[in-house]
Amino acid sequence: MMIKRALVSVVDDDESIRESLPDLLREFGFRTRAFSSAEEFLASDCVDQTRCLILDIAMPGMTGPDLQRELKLRRRQIPIVFITANREEAVRPRALEQGAVACLFKPFSDTALLEALHLALRVN
Amino acid sequence: MDVQSEHPAEEIKDLRRCVNDLVSVLALPAMWSGGAPSQVVHTLLGSLRGMLRLDFVYGRLSDPSGDAPIEMVQVAESGKRKLLPEEICKTLRLGVSDDPRKWPSRFQVSMGDGDVSIMPLRLGLHAELGVIVAGSERADFPTQTESLLLSVAANQAAIGLQEARLLAEQKRLSTELDQRVAQRTAALAAVNEELEREIAERRRAEEALRAAELSSRLIMDSIPGLVCAMSAAGEIQVFNRQILEFFGKTPEELKSWATSDAVHPDDLPRVVAAFSHSMRTGSPYDIEHRCRRADGVYQWFQVRALPVRDTGGRITRWYVLLTDIDDRKRAEDSLRASERYLNLIVNTIPALAWSARPDGSAEFFNRHYLDYVGLSAEQAKDWGWTAAVHPDDLNGVVAAWQRMIAFDEAGECEGRLRRFDGEYRWFLFRTNPLRDESGKTVKWFGTNTDIDDRKRAEGETRRSEARKTAILDAALDCIITIDHQGCITEFNPAAVRTFGYDRDDVLGKQLADVIVPPALRERHRQGLARYMATGEARALGKRLEMTAVRADGSEFPVELAISRIQLEGPPSFTGYLRDITERKLAEEELRRSEAFLAEGQHLARMGTFSWRVESGEITWSDQLYRIFEFEPGGLVTVERIGSRVHPEDTHILIDMVEQARRAVSDFEYEHRVLMPDQSVKYLHLVAHGGRDQEGRLEYIGAVQDVTESRLSEQALSQARSDLAHVTRVTSLGVLTASIAHEVNQPLSGIVTNASTCLRMLAAEPPNIEGARETAKRTIRDGNRASELITRLRALFAKKESTNESVDLNEATREVIALSLTELQRNRIILRPEFADDLPVVAGDRVQLQQVILNLLKNASDAMSTVDDRPRHLRIRTERETGGQVRLTVQDAGVGLDPQGMDRLFEAFYTTKNDGMGIGLSVSRSIIERHQGRLWGAPNDGPGATFSFSIPPRQRGTTSAG
């Protein structure tokens, strides 16, 4: 059950990701916005509208888990799909413990992403 | 006319005669012109008589002015009868009435002795002028011609009379006129004279007035006041110069003073009222009000208006004088103020003040006095104040006072005054007379001063003398007093005992000779001389120690304090001495033991301190001063300590103070101190609290400078992080992680773009443009990835291993030191067992340490979930029988599956959740490169054990790379 035109926000400091993901998401039928940092996302007007957040874990400044914590503090219940390039990050299990819907390792397939999104949106 | 024709020639003669007579008659007027009427008649009568040969002619002239008529009669001398004029007049008067209408034309009257024919003739139409009577004895009188003649003559006479009358009238009038004129002229002249006199007088008066006015103006302008004059109705007419100058207004403006601002608005109603009242009643007014000066400032004036009356009592003028009383008003105000102030002073000065009349009776008491004695002004006045004087002193005081009055001299006396609460205190009564210009005393002033304390002090002195002696006698210390020459004047019993002299033996002797050892006598004398000469006192007021000598010659140490006695005259000195022999010995002991302690502290780099928390008193040993780099012996306070404490560790100091406040029994801290040269010292502090004799809390503690060990710890720590860094940089795991992270980004991009591309192409209709875009991005990402790998390979190229001698014990200790914190954090209990005689191995120290670190980490990780038993980690080094050096790491963790043992060393195999499985394979390769081997096995009990062994270093050979 896909909810059309939901806003999915992408937060990743890597340019390749920010370039490629939004198009895929649009192909999936979502509206999408990309941010190069968690701070940029927080400063934007998308925080309230975002139905799902695709969030890189390791970022300079505010990391993915930091943003997760911040959103929790702000009582923003946005489902988070973590994406990470680093498989040996010990924060992955912790991130999931903190309530993320999924944690995908880069590179991930489009189906894996879609599955995670479904999970995220269903949770909502 | 009856013409008688008898004698025509006579008739002609008669007629001729008649005509001649007529002519004569007609010519009469010429004779009497300008004459008086009486003259007219007189002439006429004469003419008629002559002409007509009358016997008499009578004439009566009426007086126009009503007076008695004039009678005239002329009698012919030739008459037969003697007619007396008086008779004629009388007869005719009676006979001829005044009313002419009654007159016949002729009639006869008896006169004398016969009858006489008379013919009255009217003078004037109605005989208003008079009458003429012609009389003749002839019987035929008057003939026609005579009648005619008479008539004409009468007419002429009338005319003439009228003329004459007129003339007379005229004359009279003229005379009268002249008279009148003369009179008038005279009168006029008189009046004129009068007038001239008056004018002259007036002029004089005016002159005088002008002069007066001028002088009055001068006066007005020169009197130092503002003057103006008003009419009786109150209109101002004259202003002196000053008033115009003051107001700065024109006279016209000033005239309307009641409606302008010349008078201060607040005063104006009052002024107008007074003014109106005065105008009405004529009584002068005298008011004070403010007037506006030309510059706008209002000043007080006293305004007096006086009326000027004429002889009749009517007011002719008002003179108004305005006197500037502004200064006076201000003076009055300031006087009032200063009076108030004076009053305040008199009642505030802290002395009892009073004043009295010349006879000595008191008039005034200030507040203090009355409050002090508790009397009211009523009660105290005159002689009532004596009630407060002490009965014993009263007579003396009153007598003294009366003497002062009698001799008119200021003076003083003492006496006790009773305070309001009944207590008597000594007072000094001081008086002073106030004299007028003539030198007579008009008032007395006095103050009473409390001298009670002084009086008591005087009593005290006597008592203190007695006490002093008692003190001297009882003192334990030796008290010796010398005069300015150094001679002993006092030598108390204690001195007697200490020095072994009798008092009498030493009094008057030189101190130096008595108690000062011979060797020091000169110096003592010099010191005293110097003091006397220069006032320089080196020895005064300080505690000194010196050597003294007893009577038996033995010398001993004394503690001494000298003070100078301050009295009048030359100085004397008192010395307080104490035999300190025993104390000196004790001091020596103490000094010795202190020296030991200090030495010990120095060696240990440990200082000691005591801290009395309540008073904040802190005592430090010398070593502690040295540690803190403070001047030894200086004052130590918490603040001063705080000034050295490292800014980042001040919270430790605060906590320490807090603990001390809460009186904990012990505390222990480590903190840094920052020296002035910015170097840092690490201090380890231990303190124990206790109570002193007074029950006060005191901490005794020790502070050790542990900088060296800390610094080496830090060096170790630094080395560890260096090592860790090296580890990160060189280990394959790191390499892989780095690759993974960096490369996965573009890889992810490639995968995502490709997926997108497929979807776009599969759309209806296909999104060719979008697909193209994604394809482009894919290529870009692919390039990025390959670039990355190239870079990473360059960065992480394998380096040549170094080859050195490595003491495995030391290497292991280092690794342990570096990992200590983390191991402690993970509650790992480390059990190192190092062999003593461990041979040195050859190899790459860092790599070997990497392996040891890896094993440690694995062991730690294996125990990370263990909670039911202690997390023991044993590290052991030993020498194998073959000479190899073995290192073993044993844990009490989750253990291993023996079957999977080999797999452990496979690259990328891991049982750890976040592990990459690189560590052990790399470790093994390192060890193998060192000609050694690495293996592991599960324990009998919980956990596993991993070991490696490497051959020792061969002398003279290097291990093959």
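Just so it is clear, none of the values below were taken in a lab; they were calculated from the coordinates. Given the structure is predicted, the values throughout are model-derived calculations rather than measurements. Every residue, glycine among them, receives a Cβ derived from its backbone with ideal geometry; neighbour counts consider all protein chains shown.
What is the mean number of Cβ atoms from other protein chains located within 10 Å of the Cβ atom of each residue in peptide A:25-35, rounded to a whole number?
For this peptide, the per-residue mean of nearby foreign Cβ atoms is 2.
For B:Glu810 and B:Leu434 in one chain, what is 0.36 nm times their gap in residues minus the Cα-Cα distance, to one decimal in nm?
124.4 nm
Would you kindly state how much longer the chain becomes between B:Leu214 and B:Asp63 on full extension, computed as 0.36 nm times their sequence separation minus their alpha carbon distance, in nm to one decimal?
Taking 0.36 nm per residue and subtracting the Cα distance, the gain is 47.5 nm.
Count charges around B:Gln402 for me, please; just the other residues with Cβ under 15 Å from its Cβ, Lys/Arg as +1, Asp/Glu as -1.
For residues surrounding B:Gln402, the net value is -4.
Rounded, prolate or oblate: which fits chain B, taking a ≥ b ≥ c as square roots of the Cα gyration tensor eigenvalues, rounded meaning a/c under 1.5, else prolate when a/b beats b/c? Could the numbers behind the result be given before it?
Numbers: a/c = 7.52, a/b = 2.51, b/c = 3.00.
Verdict is oblate for chain B.
Sorting B:Met119, A:Met59, B:Met546 on the 10 Å Cβ count, fewest up front, what's the list?
Ordered by Cβ neighbours within 10 Å, fewest first: B:Met546, A:Met59, B:Met119.
Does chain A come out rounded, prolate or oblate by the C-alpha gyration tensor, with a ≥ b ≥ c the root eigenvalues, rounded set by a/c under 1.5 and, if not, prolate when a/b is larger than b/c and oblate if not?
Judged from the Cα gyration tensor, chain A comes out rounded (a/c under 1.5).
Apply 1/(1 + (r/R0)^6) to the Cβ-Cβ distance of B:Thr619 and B:Thr348, taking R0 = 51 Å, and write down the FRET efficiency to the nearest 0.05. All intermediate terms of the calculation are to be shown ahead of the outcome.
Values: r = 54 Å, r/R0 = 1.07.
Approximately 0.40, to the nearest 0.05.
For the residue pair A:Ala58 and B:Asp295, what label-to-label distance in nm results when each label sits 7 Å from Cα along the Cα-to-beta-carbon direction?
Here the answer is 9.3 nm between the modelled labels.
Please identify the helices of chain B, taking whole runs of DSSP H, that span at least 27 Å along their own axis as judged from the Cα atoms and have a mean Kyte-Doolittle score of -0.5 or higher. Could the numbers behind the result be given before it?
Numbers: long enough: B:8-32 (35 Å, 0.27); B:144-222 (108 Å, -0.34); B:326-348 (32 Å, -1.14); B:452-474 (32 Å, -1.67); B:581-604 (35 Å, -0.91); B:707-730 (33 Å, -0.60); B:732-762 (42 Å, 0.76); B:768-795 (40 Å, -0.71).
Helices passing the filter in chain B: B:8-32, B:144-222, B:732-762.
DSSP loop GluC sites (Glu not before Pro) in the stretch B:353-450 with at most 13 other Cβ atoms within 10 Å of their Cβ, which ones?
Here the sparse-neighbourhood loop sites are B:Glu409, B:Glu423, B:Glu437.
On a straight-distance basis, which aspartates and glutamates could pair with A:Lys72 in a cross-link, Cα separation under 14 angstrom, same-chain partners fewer than 8 positions away excluded?
A:Asp48, A:Glu97
Give me B:His671, B:His277, B:His646 sorted ascending by neighbouring Cβ count inside 10 Å, so fewest comes first.
Fewest to most other Cβ atoms nearby, the residues stand as B:His277, B:His646, B:His671.
Which loop GluC sites (Glu not before Pro) in the stretch B:539-648, with loop taken from DSSP, have no more than 14 other Cβ atoms within 10 angstrom of their Cβ?
B:Glu568, B:Glu614, B:Glu629
Checking the a/c ratio against 1.5 first, then a/b against b/c, what shape does the Cα gyration tensor give for the protein assembly as shown?
oblate
If you put +1 on each Lys and Arg Cβ and -1 on each Asp and Glu Cβ, how big is the dipole of chain B around its Cα centre, in Debye rounded to 20?
Around 2100 debye, computed over chain B.
Among the GluC sites (Glu not before Pro) within the stretch B:232-282, which fall in a DSSP loop and have no more than 15 other Cβ atoms within 10 Å of their own Cβ?
Within the stretch B:232-282, the qualifying GluC sites (Glu not before Pro) (loop, at most 15 other Cβ atoms within 10 Å) are B:Glu235.
Calculate, in nm to one decimal, what B:Glu252 and B:Ser338 gain on full extension: separation in residues at 0.36 nm each, minus their alpha carbon distance.
Full extension from B:Glu252 to B:Ser338 adds 26.7 nm.
Only four residue types carry charge here, +1 at the Cβ of Lys and Arg and -1 at the Cβ of Asp and Glu. Report the dipole size of the stretch B:280-421 about the Cα centre in Debye, rounded to the nearest 20.
Details: 20 positive and 22 negative charges, 236 e Å.
Roughly 1140 debye for the stretch B:280-421.
Provide B:Lys90, A:Lys106, B:Lys857 in ascending order of the number of other Cβ atoms located within 10 Å of each residue's Cβ, fewest first.
Fewest-to-most ranking of B:Lys90, A:Lys106, B:Lys857: B:Lys90, B:Lys857, A:Lys106.
Using a simple spin-label model with points 7 Å from Cα along the Cα→Cβ vector, what separation in nm is obtained for A:Gln98 and B:Ala561?
The modelled label-to-label distance comes out at 7.4 nm.
Compute the separation of the alpha-carbon centres of the stretch B:195-235 and the stretch B:647-700 and state it in Å as a whole number.
110 Å
Taking the Cα centre of each part, how many Å lie between the stretch B:476-526 and the stretch A:1-58?
Using only Cα atoms to place each centre, the spacing works out to 106 Å.
Per DSSP H run of n ≥ 4, the term is -39500 (n - 2.57); total these for chain B, divide by its residue number, and report the mean residue ellipticity at 222 nm rounded to 500 deg cm²/dmol. Can you show the working numbers first?
Values: 27 runs with 448 residues, N = 961.
Only helices count here, giving -15500 deg cm²/dmol.
State the answer as a single residue: which of B:Ser819, B:Gly411, B:Gly642 lies farthest towards the positive end of the charge dipole of chain B, with beta carbon charges of +1 for Lys and Arg and -1 for Asp and Glu, about the Cα centre.
B:Ser819
Give me the percent relative contact order of chain A, please, defined on Cα pairs under 8 angstrom at least 6 residues apart.
23 percent
How many angstrom lie between the Cα centre of the stretch B:327-360 and the Cα centre of the stretch B:834-870?
So the separation of the two Cα centres works out to 104 Å.
What number comes out for the charge environment of B:Arg696, summing +1 per Lys or Arg and -1 per Asp or Glu over other residues with Cβ under 14 Å away?
Net local charge, B:Arg696 excluded: -2.
What FRET efficiency, computed as 1/(1 + (r/R0)^6) with R0 = 45 Å and r the Cβ-Cβ distance, is obtained for B:Asn939 and B:Asn783, rounded to the nearest 0.05?
Result of the calculation: an efficiency of 0.30.
With each label point set 7 Å from Cα along the Cα-Cβ vector, what nm distance links B:Val19 and B:Ala529?
19.6 nm
Which residue, chosen from B:Ala835, B:Leu873, B:Val851, occupies the Cα position most advanced towards the positive end of the dipole of the stretch B:816-877, where the dipole is computed from +1 (Lys, Arg) and -1 (Asp, Glu) charges on Cβ about the Cα centre?
B:Leu873
For the protein assembly as shown, with only Lys/Arg (+1) and Asp/Glu (-1) charged at the beta-carbon, what is the dipole magnitude about the Cα centre, in debye rounded to 20?
Approximately 2180 debye in magnitude.
With unit charges on the beta carbons (Lys and Arg positive, Asp and Glu negative) and the dipole taken about the Cα centre of the protein assembly as shown, which residue among A:Phe28, B:Ala586, B:Ala702 sits farthest to the positive side?
Result: A:Phe28, furthest along the dipole toward the positive end.
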